[in-house]
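Participant: Below is the structure I would like to discuss, written out as structure tokens.
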Amino acid sequence: MKKLLLTGLFALTVAISLMAQESRGFYLKPTGSYFIKVTPVEFPAINNMPARDKHFMVNANGTTTMVSEKALTGSFGQGWRAGLVGGFQFNDILALEVGFNYFQSESQDMMRQTGTMGNANVLSLHSVGKIKAMDVAPALVLSIPTKGSFKPYTKVGVIVPVGGYLQINTSIDDKTGAIAAQNGTPSLPGTHINLLLDREERINANATIGFQAALGLRYKIAKTLSLFSELEYRNISVGGKDKALKKYNGTATVVVNATGTPMGTEQLTLANQPVGDKEVKYHKEITSGMNVKGTANYDSTKPSDDLRSYVNIGGLGINVGIKIGF
């Protein structure tokens, strides 16, 4: 009985070895994917203004009445991805691969304010964010050996972002003076500042690492050519490293409250913005020696310091492509 068991074990070892020799080699996989959000969270504040969809009415005496307000939630994990994967198949069961991917999220509403007076719209503010990112994703692939053309498999690995940014575009049309006042821009007594502005910011990503897992099915159509499809889950949270103001175009008009008469207009450009608004460095912790906007020792001629916030770019997606063996 013992001899028979050893003979069977030897035969199984030889069979696995032959399978390994038959399948061993390098391969490439051009891929395309689309992901949906699975963990929506509230978006981070933009310039100290929370992520809200707010609608209010301006009364005749200048006070405001709230109509509605809700938190804006979502995930930058929803979007499309293109990639190229290189791998090495050790045998019919085990492979190691590394993916090089470019991801672009769908645009997400991060802030919206609407103010009305009667039938007139007197304030409109809208901020939209989009992420563009590149990553390297090494993974271990485990296949179930089958005799047919269909080959099921699973893979697990990590995601390492190597470049990318969050781009936030904000448009403002404010006839109430509220936005200018919130930003600390003074106006003469009896006047307010109408603001018409387009603004673009880019937040570069801090170094981080994420997780990926997938279930896949491969269909062999030739000796070295297969089609495949994967259901992939990605979980990655990215914090900001620094922020740069890329666009700032508009006008600021001083208006007399009583008559609505313009007193003068200033052209707003990127060049005339202070360094502290154009450059921001993010930190896990703020200390007393940092250049924080709104503090007593703040210097607008130097880059500002601010707390780091995070966004999620994980999601659940369908990944399809071609596997080319060599």
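Participant: Ignoring any ligand, DNA or RNA, what whole percent of the accessible area of the chain comes from carbon and sulfur when the probe is 1.4 angstrom?
Facilitator: 61
Participant: What number comes out for the charge environment of Val255, summing +1 per Lys or Arg and -1 per Asp or Glu over other residues with Cβ under 15 Å away?
Facilitator: Cβ neighbours under 15 Å give a net charge of -2.
Participant: Between Thr208 and Ser309, what is 0.36 nm times their sequence separation minus the Cα-Cα distance? Round to one decimal in nm.
Facilitator: In short, 35.0 nm is gained.
Participant: Also: Can you pull out the trypsin sites (Lys or Arg not before Pro) in segment 241-326 that DSSP calls coil and that have at most 12 other Cβ atoms within 10 Å?
Facilitator: Lys284
Participant: Kindly provide the helix-only [θ] at 222 nm of the chain, computed as the sum of -39,500 (n - 2.57) over DSSP H runs of four or more divided by all residues, to the nearest 500 deg cm²/dmol?
Facilitator: -3000 deg cm²/dmol
Participant: To one decimal place, what Kirkwood hydrodynamic radius in Å is obtained for segment 176-312 from all pairs of distinct Cα atoms?
Facilitator: After inverting the pairwise mean of 1/r, the radius is 19.3 Å.
Participant: Further, regarding this structure: Cα centroids of segment 40-66 and segment 296-314: how far apart, whole angstrom?
Facilitator: 22
Participant: What number comes out for accessible area per residue over the chain if the probe is 1.4 Å? Units Å², please.
Facilitator: Accessible area per residue: 55 Å².
Participant: Calculate how many DSSP beta bridges within the chain are antiparallel, expressed in % of all such bridges and rounded to the nearest 5.
Facilitator: 95
Participant: Here is a further query. Starting from the 7 Å offset along Cα-to-Cβ, what nm value, one decimal, do you get for the label separation of Ile36 and Ser171?
Facilitator: Inter-label distance under the simple model: 2.9 nm.
Participant: Counting pairs on different chains as well as pairs 8 or more places apart, how many Lys pairs in segment 125-272 have Cα atoms under 27 Å apart?
Facilitator: Summing the qualifying lysine pairs gives 18.
Participant: Give the angle, between 0 and 90 degrees and rounded to the nearest 10, that separates the Cα long axis of helix 2-23 from the longest principal axis of the Cα atoms of the chain.
Facilitator: Here the helix axis deviates by roughly 50 degrees.
Participant: Considering the Cα trace of segment 182-244, what is its radius of gyration and what is Dmax, both in angstroms?
Facilitator: Calculated on Cα positions, Rg and Dmax stand at 25.4, 81 Å.
Participant: Here is a follow-up. State log₁₀ I(q)/I(0) for segment 217-297 at q = 0.13 Å⁻¹ as given by the Debye formula over alpha-carbon point scatterers of equal weight, solvent excluded.
Facilitator: -0.74
Participant: A follow-up question, please. Can you give me the orientation-averaged projected area of the convex hull built on the Cα atoms of segment 83-213, in nm²?
Facilitator: Average projection, Cα convex hull of segment 83-213: 12.8 nm².
Participant: Over all directions, what mean area does the Cα convex hull of the chain project, stated in square nanometres?
Facilitator: Result: a mean projected hull area of 24.6 nm².
The values are calculated or read from the model by the stated rules, or taken from the named source; none is laboratory data. Everything numeric here is computed off the predicted structure, so don't read it as measured data. Note that we place each Cβ from the backbone using ideal geometry, even for glycine, and neighbour counts take in every protein chain shown. Remember, those area values only see protein heavy atoms, side chains included, never the ligands or the DNA or RNA. Shrake-Rupley method; radii C 1.70, N 1.55, O 1.52, S 1.80 Å.
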